[in-house]
Amino acid sequence: MEQLVTLVVRHGTPLVFLNVLLEQLGAPIPALPVLLVAGSLIREGRLSTSSILMAAVLASLIADIVWFLLGRRYGWRILRTLCRISLSPDSCVRETETFFERWGLPSLIAAKFIPGYSTVGPPLAGAIGASALLFMAYDAAGALLWAGSGIAVGFIFRHALHEVLRHLQNLGVWGGVVAVSLLALFIFLKWWQRIRFYRHLRMARIQPAELKRMMDAGEAVVVLDVRTRSARKSDPRMIPGAMVMSLSEINERMAGMKPSQEIILYCT
């Protein structure tokens, strides 16, 4: 851990810029530890507040503009790609769309404090055709709040931070082993959850050709379009006869259905 402090002292602003840029582009390199250390060093007068804060905000804004432009160009495809490699693909797209629909572009101010949304929010803004200037304004405000918070915590709790770093340093190799083991356990549990989800999905899924055959044969099939408003706006095509509703409305609106009724849902 002492090496981290040494790196921040030696490289300062360029290190913060590169670390934040890589993290915001999606690399598994957390920037918060570097921001915390930078904050503690600012209090000691060894780094400049304005330089570190400007580097973090600029790096974050550059990365998010890249994602915004990818969303503008590739639309929902870039979101599906991001969520496909997510550890929680079953909820990634829908939760992001729902959150964005509720709060709009101002949600970007808090995006970096919400795991996953920091990466998915900018391309979603691009996919729905949001104003580039408004996007950059809200995104810059969010980056400033996020980076400023990390630096402020390191600045205020400098002594506590140094104590934590010292204890981790004293643990030596075992400290690293514990940290890596906890991370590996978290990834394994998420992976197992993902496998179980896909198994359940394969059992419950129906292919488009099979649905068409059932409809052509006149079978009594109820089709529910549970896509979000953003998804329907992006792709207005619908299955003929489908009923549009949100997931929260299903129990109420389908209350009178017979238990034997075949109900098919499709979403993003």
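Return the only residue of Leu61, Leu79 being assigned to a helix (DSSP H, G or I) and either at pLDDT 80 or above or assigned by TED's automatic domain parsing to the domain that holds Thr228 (or both). Even if it seems obvious, please write down each step before you answer.
Numbers: Leu79 fails: either at pLDDT 80 or above or assigned by TED's automatic domain parsing to the domain that holds Thr228 (or both).
Selected residue: Leu61, the only one of Leu61, Leu79 that is assigned to a helix (DSSP H, G or I) and either at pLDDT 80 or above or assigned by TED's automatic domain parsing to the domain that holds Thr228 (or both).
Do we have Leu165 as modelled with pLDDT under 75 and in contact with a Ser or Thr (Cβ under 7 Å, 6 or more places away or on another chain) here? When the stated conditions are applied, Leu165 does not pass them.
Pairs meeting the criteria (first residue in the stretch 212-223 and over 19 Å from Lys258 (Cβ atoms), second residue part of a loop (DSSP other than H, G, I, E, B) and at pLDDT 85 or above, beta carbons under 7 Å, at least 6 apart or on different chains) are lacking.
Taking every residue in the stretch 244-263 that is over 17 Å from Val226 (Cα atoms) and pairing it with any residue that is not in a helix (DSSP H, G or I), at least 6 positions away or on another chain, the pairs with Cβ-Cβ distances below 9 Å are Met257/Val222; Met257/Ile263; Gln261/Ala220; Gln261/Val221; Gln261/Val222; Gln261/Met254. Only one of the listed residues (Leu18, Leu36, Leu47) is crowded, with 16+ Cβ neighbours inside 10 Å, assigned to a loop (DSSP other than H, G, I, E, B), assigned by TED's automatic domain parsing to the domain that holds Pro122 and not polar (S, T, N, Q). That residue is Leu47.
The values are calculated or read from the model by the stated rules, or taken from the named source; none is laboratory data. Predicted, not measured: the structure shown is a model, and the values here were computed from it. So basically every Cβ, Gly included, is an ideal-geometry build from the backbone, and we count neighbours across all protein chains shown.
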